[in-house]
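Only one structure is covered here, and it is reproduced in the block below.
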Amino acid sequence: MRRIGIMGGAFDPIHVGHLLVAEAARDQFALEEVWFMPSHLPPHKRKAGVSGQMRLEMVTAAIAGNPAFKPLDIELKRGGISYTIDTMKELQRLHPDIRFHFIIGADMINYLPKWEGIEELVRMVTFIGLQRPGSMLELDSLPEYIEEAVCLAEMPLVDISSSLIRKRIARGQSVRYMVPESVYEYMIRSGIYAVQQGGTD
């Protein structure tokens, strides 16, 4: 079966940490591709600050130079709360020849027992967990049926988050090189997050 990674999230905005995580997972688990999937309404986070279309456009711009990275708009098209179990059921129906690997950070690994439909989800996907600065992996504390579905990957520890980027912009600080240059230019052109050329450089 083909091995495909799924990188989900709000991507509000997508940043270089997302790309490092995806590449680390792709490399260490021999994934054919990684699909970047912006959520419509994340179950555990606040509503994204910009539209789904803009977040998808930033994702598309960020990954344009890597043929192994693809944008996926399945959750944006479906609307509503973006429960992973619903998405993976749909993806398995559309792609029965693919074994999906869902890429998440250490903070979300610890939260897996609270995911909607997790008992079914662990039979459908392999979770690839990557450690982030300040997050502790506690696999031993997970139920055994979840622990068996989680694989760990190493990645460079880059302490960047979308919320940090938004806060820096609000304070008038630079975010250049924290996001891909194509995303930085998109933010300037569109005026989202109140980024203005010269104002955050």
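See the values below:
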read-out: Of every Cα-Cα pair in segment 141-201, the percent that sits beyond 20 Å; value: 43
read-out: Relative contact order of the chain, pairs being alpha-carbon contacts under 8 Å that are 6 or more residues apart, as %; value: 24
read-out: Using alpha-carbon coordinates, inclination of helix 181-190 to the longest axis of the chain, degrees; value: 60
read-out: On Cα atoms only, tilt of 16-28 relative to the major axis of the chain in degrees; value: 30
read-out: Rounded to 10°, Cα long-axis angle of helix 52-63 versus longest principal axis of the chain; value: 90
read-out: Segment 4-119 - percent relative contact order, Cα under 8 Å, separation 6 or more; value: 33
read-out: Calculated on alpha-carbon atoms, Rg and Dmax of the chain in Å; value: 16.6, 52
read-out: Segment 77-162: translational diffusion in µm²/s, Stokes-Einstein, Kirkwood Rh over Cα pairs, 37 °C, 0.692 mPa s; value: 235
read-out: Sites His95 and Glu144 - FRET efficiency at Förster radius 30 Å, r taken between beta-carbons, to 0.05; value: 0.60
read-out: Per-bin percent of Cα-Cα distances, segment 10-116 [5 Å]; value: 2, 11, 21, 25, 24, 14, 3, 0
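Read-outs throughout are calculated quantities, based only on the coordinates presented, and are distinct from any laboratory measurement. Computed from a predicted model, the values in this text were never measured in an experiment. All Cβ positions, even for glycine, are placed from backbone atoms using ideal geometry, and neighbour counts span all protein chains on display.
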